[in-house]
1. What number of residues in segment B:204-218 are farther than 28 Å from residue B:242 by Cα and either more than 10 Å from chain A (Cβ to nearest Cβ) or surrounded by 17 or more Cβ atoms within 10 Å (Cβ to Cβ) (or both)?
2. Just give me the residues in segment B:318-341 being closer than 16 Å to residue B:376 by Cα and facing chain A (nearest Cβ under 10 Å), in sequence order.
3. Hey, does segment A:103-110 have a residue that's assigned to a loop (DSSP other than H, G, I, E, B), within 12 Å of another protein chain (Cβ to nearest Cβ) and free of Cβ contacts under 8 Å to residues at least 12 places away in the same chain?
4. Can you go through B:74, B:23 and tell me which one is closer than 29 Å to residue B:190 by Cβ and out of contact with any helix residue (DSSP H, G or I) (no Cβ under 7 Å at 6 or more places or on another chain)?
5. For segment A:230-240, indicate whether the set of residues that are within 20 Å of the chain's Cα centre (by Cα) and more than 14 Å from every other protein chain (Cβ to nearest Cβ) is non-empty.
6. Select the helices (runs of 4 or more DSSP H) contained entirely in segment A:162-203, then report the ones holding at least 2 residues which are in contact with a strand residue (DSSP E or B) (Cβ under 6 Å, 6 or more places away or on another chain) and either surrounded by fewer than 24 Cβ atoms within 10 Å (Cβ to Cβ) or assigned by TED's automatic domain parsing to the domain that holds residue A:273 (or both).
7. Just the residues that are more than 16 Å from residue A:200 (Cα to Cα), part of a strand (DSSP E or B), within 7 Å of another protein chain (Cβ to nearest Cβ) and touching a helix residue (DSSP H, G or I) at 6+ places or on another chain (Cβ under 9 Å), please, taken from segment A:267-283.
8. Kindly indicate whether residue A:137 is touching a strand residue (DSSP E or B) at 6+ places or on another chain (Cβ under 8 Å), outside any helix (DSSP H, G or I) and either over 25 Å from residue B:404 (Cβ atoms) or within 12 Å of another protein chain (Cβ to nearest Cβ) (or both).
């Protein structure tokens with residue numbers, strides 16, 4: 001940096017879960033964004049239900065973040081902000097699924113950006129991928145798990161045999177469902193998101209009222225048991241697809257065969273699969289909601305709005321590239337089949353700080369094998385142990401080691 | 001369109017698998033791109049190993065697509081194109097993992113875009129997501145299956161018990177591996193891609209020579225059998241992660257526990273998981289290679305370079321939104337336990353064109369259940385059959401129907 005970066009002024013409309021997470025995240029990332037864009041974003045005004053004036057917030061802003069939700073006054077505010085020449089980033093799926101065409105037209109007329117990654121599937125970058133990566137592609141179908149609340153409930157029902165009511169109560173307790181869960185469990189929230197995805201995928205106007213939807217309230221533990229018997233998983237699936245010369249957009253509970261890319265998406269996660277002859281298919285998955293994650297999606301849009309011509313910035317750091325790192329390992333030994341073998345191997349591992357996580361012994365006599373997985377340790381220490389193990393008289397060939405990725409994901 | 005769109009001139013360097021697929025795709029998508037960008041892309045020059053002059057190709061171009069591969073003359077050509085004020089889209093991972101800093105600096109100095117989505121994981125949009133969606137995020141770790149050849153070989157070994165040599169031969173036969181597979185099977189190809197991902201994730205220079213890598217040539221069917229016994233899957237995994245104040249970048253065969261988002265990626269697919277406290281994790285997956293898919297990634301970059309300020313274009317079509325679509329269904333009936341029940345149900349389904357894919361019968365007497373999955377048919381016809389079935393005297397409660405997503409993915 002040769003001089004102080006210019007300030008990029010951000011106005012915030014709404015200060016609920018996402019708004020307050022964004023207000024925290026922005027200053028924490030301002031230096032990094034200044035390095036990328038040459039401008040330092042700063043929160044210059046906040047409108048809450050009880051404080052602030054809309055007029056003052058937009059007057060002081062280069063870009064407005066709308067995370068109030070609802071149709072009005074959000075629609076009015078977003079339109080007025082764009083007419084005043086401000087870029088807008090919104091997380092409001094209801095607004096876009098009702099008034100998208102009006103708002104996108106206003107953005108084009110006023111030469112400003114209207115970005116909305118956070119409106120669908122949280123930080124999963126499906127909007128950007130449809131609008132940019134696949135801008136030139138002929139999309140055939142978009143299939144998604146776009147509501148984390150219902151996916152959490154169905155996952156609980158499948159894994160624990162809970163009833164719908166029990167799983168809903170648990171979702172509410174953990175903050176994955178609202179006190180009034182109607183929009184989520186009836187499929188209406190997913191329908192709004194599918195309307196937006198269909199609009200982008202097929203380049204045709206789609207209003208939420210054109211999306212048929214069905215919820216999960218009627219799903220029973222027995223359905224999930226039968227699904228299991230039939231080799232299927234049950235998800236709330238949104239589909240937008242070409243049908244003849246038209247399109248169909250719908251949200252329904254649906255069974256998926258195990259090979260389906262959405263079949264393994266569990267808990268509050270979201271995922272979207274986009275199919276096109278050009279690309280076969282792409283699947284994107286990640287957390288579908290949560291204040292911090294949604295705020296992060298809003299921040300990505302903010303950065304994009306700040307740097308229209310994308311570029312790879314100069315590196316801002318010169319980090320050391322480390323060679324010796326911790327890993328869990330699989331160790332495969334061909335051994336003579338005699339007492340004390342495991343104990344001696346375990347002792348040599350232990351001297352280097354390696355502890356055994358699981359062991360399989362197989363075969364007899366000349367074909368005996370000792371296979372184990374050890375907990376993470378520095379690879380230099382693991383290989384030091386392996387070198388000593390290779391020298392033991394009962395080890396009959398070169399030990400074989402392969403890394404194991406330890407992290408458990410949910 | 002009120003007037004003929006302006007031409008956007010594209011020069012193509014290289015006419016192998018990707019180059020020729022791109023040369024075919026571009027005219028097929030030119031109308032759509034003209035609708036989005038207001039400019040019609042047109043191939044104005046091609047340089048092959050035997051035809052064309054580099055000077056003429058760049059002179060006639062607004063943007064140059066480099067899909068020749070290799071370090072020289074690709075590096076020289078890309079630099080000269082940017083110095084002449086041309087945007088560049090490249091699929092060349094070797095080039096970027098060796099000379100990335102020099103090339104990105106040249107792009108910044110000359111005010112042109114250098115885009116390279118196709119260089120890593122084909123059409124899987126990991127470059128765009130790291131550079132744009134996550135531009136402001138603090139990334140902790142990037143983990144990827146970024147080589148389709150080795151993932152195909154390991155999948156074959158796991159599924160069929162093939163040896164490495166047998167699986168490699170099959171990959172070569174199917175076009176998933178080159179005649180000389182050295183770069184793929186030694187992990188060097190994956191190392192180049194991980195160098196690029198690490199550069200973007202951590203904003204620090206990373207050269208391919210700083211990436212340690214190990215291939216899959218020494219993996220045996222027995223390893224995969226033990227992996228199975230231990231509840232693990234075996235993949236060639238690239239990892240770029242923060243370690244203390246530095247970073248570590250490496251490529252190794254590694255076992256994954258089943259819950260890992262990369263564990264279910266099979267065949268020639270690629271996938272990348274990005275972890276950050278801001279976002280938890282995002283996983284992106286899709287075909288890692290293939291001429292058409294890579295050409296599609298190049299096309300996405302081309303469109304982005306043509307429209308620096310992203311916007312949602314006017315809709316170009318008004319497609320009918322169809323309500324009645326085909327689906328496979330699960331049908332759950334509570335029935336009296338007597339002979340002929342299944343036959344009557346199947347007959348009513350058959351009259352509407354519904355054929356039964358699988359059936360489960362459970363329970364006796366008052367608790368008898370008939371659960372089936374039917375092959376796809378129009379939902380109006382399915383529900384017409386269900387209404388008739390509901391009227392049968394042995395059906396003891398309202399039939400329950402849930403959609404089944406039929407497609408089998410590989």
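The values are calculated or read from the model by the stated rules, or taken from the named source; none is laboratory data. These numbers come from a predicted model, not from an experiment. Cβ atoms come from the backbone with ideal geometry, glycine included; neighbour counts cover every protein chain shown.
1. 1
2. B:323, B:324, B:325, B:326, B:327, B:328, B:329, B:330
3. For segment A:103-110, residues assigned to a loop (DSSP other than H, G, I, E, B), within 12 Å of another protein chain (Cβ to nearest Cβ) and free of Cβ contacts under 8 Å to residues at least 12 places away in the same chain: absent.
4. B:23
5. No; the residues of segment A:230-240 include none that is within 20 Å of the chain's Cα centre (by Cα) and more than 14 Å from every other protein chain (Cβ to nearest Cβ).
6. Where helices (runs of 4 or more DSSP H) fall fully within segment A:162-203 and carry at least 2 residues being in contact with a strand residue (DSSP E or B) (Cβ under 6 Å, 6 or more places away or on another chain) and either surrounded by fewer than 24 Cβ atoms within 10 Å (Cβ to Cβ) or assigned by TED's automatic domain parsing to the domain that holds residue A:273 (or both), they are A:188-202.
7. A:280
8. yes
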